[in-house]
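Read-outs throughout are calculated quantities, based only on the coordinates presented, and are distinct from any laboratory measurement. What you see is a predicted model; the values in this text were computed from it and never measured. Positions of Cβ are generated from backbone atoms using ideal geometry, with glycine treated the same way; all protein chains shown enter the neighbour counts.
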Amino acid sequence: MKKYVVFILSFGLLYLIVQILSGWLLTTHYTPDLSSMNNNTSQEVVFGQTSIIPFVATLLVATLAYFISQKLFITPNK
């Protein structure tokens, strides 16, 4: 069980780091399309909604992958 906890914690940390880095890269390389903008632009900023479902689904898949790999690759004790 200790291996599983270490695996899930490290997987979650790596997932978080990848999400932050990809968001940073997408933000720094974003170029808005100025030709489609009207003169009636509002000063209101609208952010999209966030959901925890993709993270939970990823952890579920990681958990399944961990247990399947443990069942398939059983090493005999010496």
inquiry  = Residue by residue through the stretch 19-31, what is 3J(HN,Hα) from phi via Karplus (6.51 cos²θ - 1.76 cosθ + 1.60, θ = phi - 60°)? Round to whole Hz and write x for glycine and proline.
reply    = 5, 5, 5, 5, x, 5, 5, 5, 5, 6, 9, 7, 10
ask   = Where does each of I8, I68 land when they are ranked from fewest to most other beta-carbon atoms within 10 angstrom?
value = I68, I8
request  = Could you go through the stretch 49-62 in sequence order and give the Karplus-derived ³J(HN,Hα) for each residue, using 6.51 cos²θ - 1.76 cosθ + 1.60 with θ = phi - 60°, rounded to whole Hz, and x for Gly and Pro?
outcome  = 7, 10, 9, 8, 4, x, 5, 5, 5, 5, 5, 5, 5, 4
